[in-house]
1. Considering only segment 66-78, state which residues are part of a helix (DSSP H, G or I), at pLDDT below 95 and surrounded by 10 or more Cβ atoms within 10 Å (Cβ to Cβ).
2. Return the only residue of 13, 31 being part of a helix (DSSP H, G or I) and modelled with pLDDT of 85 or more.
3. Are there any pairs, at least 6 apart or on different chains, whose C-beta atoms fall under 8 Å, with the first in segment 43-67 and over 15 Å from residue 26 (Cα atoms) and the second at pLDDT below 85 and surrounded by 11 or more Cβ atoms within 10 Å (Cβ to Cβ), and if so, which?
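The values are calculated or read from the model by the stated rules, or taken from the named source; none is laboratory data. What you are looking at is a predicted structure, and each value in this text was computed from that prediction instead of being measured. With ideal geometry, Cβ positions are generated from the backbone for all residues, glycine too; neighbour counts draw on all protein chains shown.
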């Protein structure tokens, strides 16, 4: 049993080393990280470490504004109207 597990580990290491797809590598990282902060929404996986530090800080800043009631918010109808005006959608 341990031999099969070690063979699997070696196979996975080889696949990881050969992989040049950052999204796949980040997904593997999330799966292996017990302390990951993961949110699943519509089958999209978001993970804190996928974002740069600057991107994460900007999200935190905007969330704080929103939670503090200081962010501009729009109704769905307002969003649709803006999209229609700008893109004809």
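1. 66
2. On the way: 31 fails: modelled with pLDDT of 85 or more.
Every option except 13 fails the conditions.
3. These pairs meet every condition: 56/48; 59/51.
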